[in-house]
Amino acid sequence: MSTETTGFNWEYAPAPEAIDHAKIKKQYELFINGEFVKPLSKKYFETINPATEQVLSKVAEANEKDVHAAMIAAKNAYDKYWKKLSGADRAKYIYRIARVIQERSRELAVIESLNGGKAIRESRDFDIPTAANHFFYYAGWADKLAYAFPNKKIESVGVAAQIIPWNFPLLMAAWKIAPALATGNTVVLKPAESTPLTALKLAELIQDCDLPPGVVNIITGFGAAGAAMVNHPLANKIAFTGSTDVGKIIQKAVAGTGKKITLELGGKAANIVFEDAPINQAVEGIVNGIFFNQGHVCCAGSRLFIQESVSEEVIQKLKARMQTLIVGNPLDKNTDIGAINSKEQLEKINSYLKIGVNEGLEIYQPDNCNLPKQGFYCKPTLFIGAAQSNRVVQEEIFGPVLTIQTFRTIEEVIEKANNIPYGLSAGVWTDKGSKIFNLTTKLRAGVVWANTYNKFDPTSPFGGYKESGFGREGGLHGLAPYVNLS
């Protein structure tokens, strides 16, 4: 804790979360047709703990034949079981999954932090509870689709091929699986190769919940497996969350096939602080929006715009708050910023730090921030005095790096905020409701938070504009991509 803010130099005693209750197998197979089966590829890859670089498990690497087997299983389950079930019966299964996630939330949170590097506080207090809430929410919709789409004939799509990223492994799985099941579809899901463990643990839970075999299939592997899923003729719906570059490839692959598609891609969100904002609250929201999640979210508030009259105050308080942040062991309950997900991602972040310095920007990092010697860690970083032309402003870094620009008028900040290829989210800090509503109509972002940041709810849709993708997940809107209406 900073002496600048408290007058004392407190050091917290370690408070590690116990991990002995988290059961990770030495080797994981593919989950196809209700069973764990060895990959036809006969290949496995290691998944590690990014905080220690130690191997956690070996995971099956699916090839095209494995993908085909999963798709056949999903298609058979759709035809034989799932599409014939009533909405009320589907709801019982989905609700059961939600309850089991709740019951085993502590184990899931630990595995999420072990495999992904995020602080246990975030896994425990946000990721896992929100994943369970999505299953609860869509269980409620399963027998009420006629109210979601009144005066329409509603038909399920069929087999959904779903590919999720490494930043929110279990939550992204819930975002995709829950609405697909609620609307009567079956699923083949592929988690990111660097964070497969909670998805595989979810497969165990689904097995325990006695879902009909093949309704949910979870396969692991690399880009080739994802491409095979996208191109497979039995895939009726593609749902992808990940990089914009890969999203463009998927969009081209699906074009002309008749497959339904939703893409949730990159982001470079603007967080705007006006002179009439609650400054202390805004500073905490800024920290929450970019540092507590290691910047590992597409909607991270990585571009900060401060009105000139309060810029010195906000920057001074932001620096003081950064001095109190604890970077270290993700499983320590005191940790604010955990490990970067992979060596490759850390190298990318470090390359952007060099780019920012070479572009002549003022860089600030807390001087009392000592990084662990082992593992992949990065200090929280500010780039002060940035301009629209800077690469660190225009390009997605996906790390704990915040650029700061100032503005004078509303018109100026709207133009700057929108002058970006992305349009996923934004934040506005002001005490004027009229100003908030004005900005929500002007900012080209799928989500605009007011006097808060990074707040999610299963009832609220989420998605982007421009190169941040299209389609919505969450809320009633999240049902639409999984049904055909007539």
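Counting only residues that are among the hydroxyl-bearing types (Ser, Thr, Tyr) and either in a strand (DSSP E or B) or more than 18 Å from the chain's Cα centre (by Cα) (or both), how many does the stretch 177-219 have?
Of the residues in that region, 2 qualify.
Which residues, taken from the stretch 367-395, are modelled with pLDDT under 95 and open to solvent by less than 30 Å² (accessible area, probe 1.4 Å)?
Residue satisfying the conditions is Cys369 alone.
Rundown of residues vs (1) at pLDDT 95 or above; (2) buried (at least 24 other Cβ atoms within 10 Å of the Cβ); (3) aromatic (Phe, Trp, Tyr); (4) closer than 18 Å to Glu264 by Cα, yes/no style:
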| position | (1), (2), (3), (4) |
| --- | --- |
| Val157 | yes, no, no, no |
| Gln162 | yes, yes, no, yes |
| Leu171 | yes, no, no, yes |
| Trp175 | yes, yes, yes, yes |
| Glu204 | yes, no, no, no |
| Pro212 | yes, no, no, no |
| Asn217 | yes, yes, no, no |
| Phe222 | yes, no, yes, no |
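If you check every pair at least six apart or on different chains, which have Cβ atoms under 8 Å apart with a residue in the stretch 16-29 that is closer than 22 Å to Asn217 by Cβ first and a residue that is surrounded by 13 or more Cβ atoms within 10 Å (Cβ to Cβ) and β-branched (Val, Ile, Thr) second?
Ile24/Ile111; Gln27/Val59; Tyr28/Val59; Tyr28/Thr220; Glu29/Val37
Out of the residues in the stretch 322-369 meeting the condition of being under 21 Å from the mean Cα position of the chain (by Cα) and free of Cβ contacts under 8 Å to residues at least 12 places away in the same chain, tell me which one is nearest to Gly385 (Cα to Cα).
Looking at the filtered set, the residue picked out is Glu347.
Among Thr262, Thr244, Thr257, which is the only one that is modelled with pLDDT of 95 or more and either under 19 Å from the mean Cα position of the chain (by Cα) or surrounded by 22 or more Cβ atoms within 10 Å (Cβ to Cβ) (or both)?
Result: Thr262 is the single residue among Thr262, Thr244, Thr257 that is modelled with pLDDT of 95 or more and either under 19 Å from the mean Cα position of the chain (by Cα) or surrounded by 22 or more Cβ atoms within 10 Å (Cβ to Cβ) (or both).
Six or more apart or on different chains, Cβ atoms under 6 Å: show the pairs whose first residue is in the stretch 222-239 and outside any loop (DSSP other than H, G, I, E, B) and whose second is open to solvent by 50 Å² or more (accessible area, probe 1.4 Å).
Ala228/Glu64; Lys237/Lys260
Are any residues in the stretch 114-166 of a type in the set (A, V, I, L, M, F, W, C), assigned to a loop (DSSP other than H, G, I, E, B) and without any contact (Cβ under 8 Å) to a residue 60 or more places away in the chain, and if so, which ones?
Of everything in the stretch 114-166, just one residue is of a type in the set (A, V, I, L, M, F, W, C), assigned to a loop (DSSP other than H, G, I, E, B) and without any contact (Cβ under 8 Å) to a residue 60 or more places away in the chain, namely Ala142.
Cβ-Cβ under 7 Å, sequence separation 6+ or interchain: first residue in the stretch 56-77 and in contact (Cβ under 8 Å) with a residue 40 or more places away in the chain and among the charged types (D, E, K, R), partner surrounded by 18 or more Cβ atoms within 10 Å (Cβ to Cβ) and part of a helix (DSSP H, G or I). Which pairs?
Glu64/Ala228
The values are calculated or read from the model by the stated rules, or taken from the named source; none is laboratory data. No experiment lies behind these values; they were computed from the predicted model shown. Because the Cβ atoms are built from the backbone with ideal geometry, glycine has one as well, and the counts that use them run over all protein chains shown. Accessible surface is based on the protein model in full, side chains and every heavy atom, while ligands, DNA and RNA are left aside. Shrake-Rupley method; radii C 1.70, N 1.55, O 1.52, S 1.80 Å.
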